[in-house]
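Here the structure is laid out as structure tokens; the discussion comes afterwards.
The values are calculated or read from the model by the stated rules, or taken from the named source; none is laboratory data. Note that this is a predicted model, so its numbers are computed, not measured. Cβ placement follows ideal geometry from the backbone for every residue including glycine, while neighbour counts extend to all protein chains displayed. What goes into the accessible areas is simple: the full protein's heavy atoms, side chains included, and nothing from ligands, DNA or RNA. Shrake-Rupley method; radii C 1.70, N 1.55, O 1.52, S 1.80 Å.
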Amino acid sequence: MTIRRIFFTGMCLITLLSLLQAEDGYKLWLRYSHGSDPEKQEAVVKLFRKVVVAGSSATFDAIREEILRAGSGMTGITPVLQGELSGQASLVIGTPLTCEIFNRPEIKRQLEAIGPEGYFVGHVTHEGKKLLVVAANAQAGALYGTFHLLRMLQASGNLSGLPVVESPKISHRLLNHWDNLDRTVERGYAGFSLWNWHKLPDYIDPRYKDYARANASIGINGSVVTNVNANSLVLSGDYIEKVAALADVFRPYGIRIYLTARFSAPMELGGLPSADPLDADVRAWWSNKADEIYKAIPDFGGFLVKANSEGQPGPQNYNRTHADGANMLADAVSPHGGIVIWRAFVYSAEIEEDRAKQANNEFVPLDGLFRENVLIQVKNGPIDFQPREPFHPLFGAMPETSLALEVQITQEYLGQATQLVYLAPLFKECLDSDTYTPGSGSTVARIIDGSVHGRSQTAMAGVSNIGTDRNWTGHLFGQANWFAFGRLAWNHSLTSEEISLEWIRLTFGDDPFVIETVQGMMLASREAAVNYMTPLGLHHIMGRGHHYGPGPWVSGGRPDWTSVYYHKADSLGIGFDRTATGSDALGQYAPGVAQKYGDPETCPEKYLLWFHHLPWDYTMNSGYSLWDEICRRYDLGIRTVEWMKKSWQELGDQVDEERYHQVQSLLTIQEKEAKWWRNACLLYFQQFSRRPFPPDIEQPEGELEEYEKMRFPYAPGIRPSW
Ligand code: BDP
């Protein structure tokens, strides 16, 4: 082989390799690929010709780096970067402090009410020339504005949407990692924890920075790096040093670090005899601990706490209230500007009360008793991240308290990482729910953004689906859920359609057929999952412990962890009566909600069996009996997955091989799992309904016993044992 040939073959291989690598999903929605439309491409090339990033700080360096990366990726030419405005500039990024032109009244006006994270992206005329600017009050806004611009360019290849002025509706936009110190991830389906505690603080995995970039690009500004089922060790000196190293990587990207605080840490780490929040030694311990953390991490965000729930210690161990516990920690971090996020996910098997009611019973009496720097973090629904739940009644019941919304991005109850389920519609369903407190229009979104009750501490948290898998989220489409969470925490009025469109364009490019097909699949996917798992308001009927697959038969042991507790199927009917004749959980909602949901005739069918126990022959809106409707919903769920799979198959030529095959294989698994759900649930419920399956649906296969006997020692989170 001649030298030339070797060189040529080598180059081809390198190109091929880089092409393959380019589409393994690692780059997420920050692919910065070449556009296919030459006209648009020319405009992009022009824009990156000479870029002024005015400002010197680690954040401005991050902006410069992103511009270089994006510009070279999108145009093939390395952009020329300057620190000061010159005649040739095409794009200028900065703040009034870092660049003179941003002091012009027309720009200052735009910046007036948008705070440190907001930005203006638009054109101005400078020395007779049109100049594109990203202007902000502070560096964080400049960073977010830059990412907004890059997103626009990638998603549409043009700037027709300009000018834009944006600022976040919610101030703390947080990922909650349920990562353990041994690097396992509770309810994680994408590998191990990103945080390599063994090698920190000396070795900084480049992935930490890519993680921070990805979050900043969608507006996430906080990361709780440890599990809510907390280990107090993370508060020890060694770990604080490691956490500080992570914080250093995140800081330029506007991301603050938070830790989960185990309530008993003063005993475990500090050797105190108690963790009583009113004990002076305990209070001093926390206050010293906070000082120690802030010394290492001056912008530490604060603590997230799960207390007196599922075996976690808390103030109630000492006959103190959640307010006593939260306020003690709040006092410890408040001199440093920190916050405490206290979870409302509390329930107990010892209490003979519908689990759905317990959080309100605990927290409503404490309304108004929490410090200003405490937020109560409430899950979207009153049970636990089910495929569908009505909104949590606490959102309408604590006007004197800052409430944060917690959603689950990781798909614990939604097919884990083998299923394509686009979650924006689930998040939106909660955000758009009207609590009717104090009056109509008081949606959950407006409660948590502080506008209904005039509160300034606001937060939204998503339980992360990120791990060491090369594509971060296990399923490629899991990336869309991370993306959607960030976009909604920034702006909850975006629609699921808008967000999906953006994500698809960033992920797959601008081919109209690909966009239409993928969007159709995404938008149908959540309802499909509800149908083949838990239609019509059914809930919590999945496998015990791991929550993988169906388990409507789960009974025995702690009742509120069984399925029979929730579906209550018997010879008369099915569903949980939460009206006044039953647990009266409806009484925790405002009358406007309670009345509507309290009557099966007016209750939306999607919540029917959540609130009502109804006879099998109850007539549904469709005219079918309840039993027939349940069967049809399960069947419809499967039809939808089959359709999703077929739709994806049509993209074989348009999507790169690696991503195409991953999604295709997973859709095959999803189809299998959807059928498993249908078969298991319908065969199980038929024992009670004693009615035939409608003849025109695909008949469930197999025997109930076979399904009941299935074991999953390899399900994520289960220790293998036979
Ligand atoms: C449930 C999970 C459990 C979590 C708990 C929580 O099954 O692993 O610890 O929520 O949110 O969904 O604390």
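Among the residues of the stretch 367-389, at least one is surrounded by fewer than 22 Cβ atoms within 10 Å (Cβ to Cβ), more than 26 Å from the chain's Cα centre (by Cα) and basic (Lys, Arg). Is the stretch 278-287 home to any residue that is among the small types (Gly, Ala, Ser) and within 16 Å of the ligand (Cβ to nearest atom)? Checked the stretch 278-287: no residue is among the small types (Gly, Ala, Ser) and within 16 Å of the ligand (Cβ to nearest atom). Going through (1) acidic (Asp, Glu); (2) part of a loop (DSSP other than H, G, I, E, B); (3) in contact (Cβ under 8 Å) with a residue 40 or more places away in the chain one by one, Asp61 falls short only on (2). Filtered by the rule that a residue be open to solvent by less than 80 Å² (accessible area, probe 1.4 Å), under 16 Å from Gly637 (Cα atoms) and out of contact with any Lys or Arg (no Cβ under 7 Å at 6 or more places or on another chain), the stretch 686-698 gives Phe693, Glu698.
Here's a check for you: in the stretch 421-449, which residue that is assigned to a loop (DSSP other than H, G, I, E, B) and under 20 Å from the mean Cα position of the chain (by Cα) is surrounded by the fewest Cβ atoms within 10 Å (Cβ to Cβ)?
To start, the set of residues in the stretch 421-449 that are assigned to a loop (DSSP other than H, G, I, E, B) comprises 421-423, 432-433, 435-442, 449.
Narrowing the set further to residues that are under 20 Å from the mean Cα position of the chain (by Cα) leaves 421-423, 432-433, 449.
Details: Val421: 26, Tyr422: 24, Leu423: 29, Asp432: 15, Ser433: 21, Asp449: 22.
Out of the qualifying residues, it is Asp432.
The set of residues in the stretch 293-310 that are touching a residue at least 24 places away in the same chain (Cβ under 8 Å) and either of a type in the set (Lys, Arg) or within 16 Å of the ligand (Cβ to nearest atom) (or both) comprises Phe303, Leu304, Val305, Lys306, Ala307, Asn308, Ser309, Glu310. Contact map, the stretch 592-604: first residue open to solvent by 60 Å² or more (accessible area, probe 1.4 Å), second residue assigned to a helix (DSSP H, G or I), Cβ cut-off under 9 Å, separation 6 or more or different chains; pairs are Gln595/Leu586; Thr602/Gln595; Thr602/Lys596. Residues being within 29 Å of the chain's Cα centre (by Cα), at pLDDT 90 or above and not in a helix (DSSP H, G or I) are represented in the stretch 32-54 by at least one member. A count restricted to the stretch 182-229 and to residues that are over 24 Å from Ile170 (Cα atoms), outside any loop (DSSP other than H, G, I, E, B), open to solvent by less than 10 Å² (accessible area, probe 1.4 Å) and within 16 Å of the ligand (Cβ to nearest atom) stands at 0. Scanning for something among the β-branched types (Val, Ile, Thr) and assigned to a helix (DSSP H, G or I), does the stretch 613-620 turn up at least one residue? Among the residues of the stretch 613-620, not one is among the β-branched types (Val, Ile, Thr) and assigned to a helix (DSSP H, G or I), which makes the answer no.
Scanning the stretch 346-358 for residues that are within 12 Å of the ligand (Cβ to nearest atom) and free of Cβ contacts under 8 Å to residues at least 60 places away in the same chain yields a single hit, Val346. Cβ-Cβ contacts under 9 Å between residues 6 or more apart (or on different chains), taken from a first residue in the stretch 372-389 that is under 30 Å from Tyr634 (Cα atoms) to a second residue that is part of a loop (DSSP other than H, G, I, E, B) and among the acidic types (Asp, Glu), are listed as Lys379/Glu389; Asn380/Glu389; Gly381/Glu389; Pro382/Asp354; Pro382/Glu389; Ile383/Glu389; Asp384/Glu412; Phe385/Glu412.
For the stretch 563-576, which residues satisfy the criterion of being buried (at least 17 other Cβ atoms within 10 Å of the Cβ), assigned to a loop (DSSP other than H, G, I, E, B) and in contact with a helix residue (DSSP H, G or I) (Cβ under 7 Å, 6 or more places away or on another chain)? Listed by number, the residues that qualify are Ala569, Gly575, Phe576.
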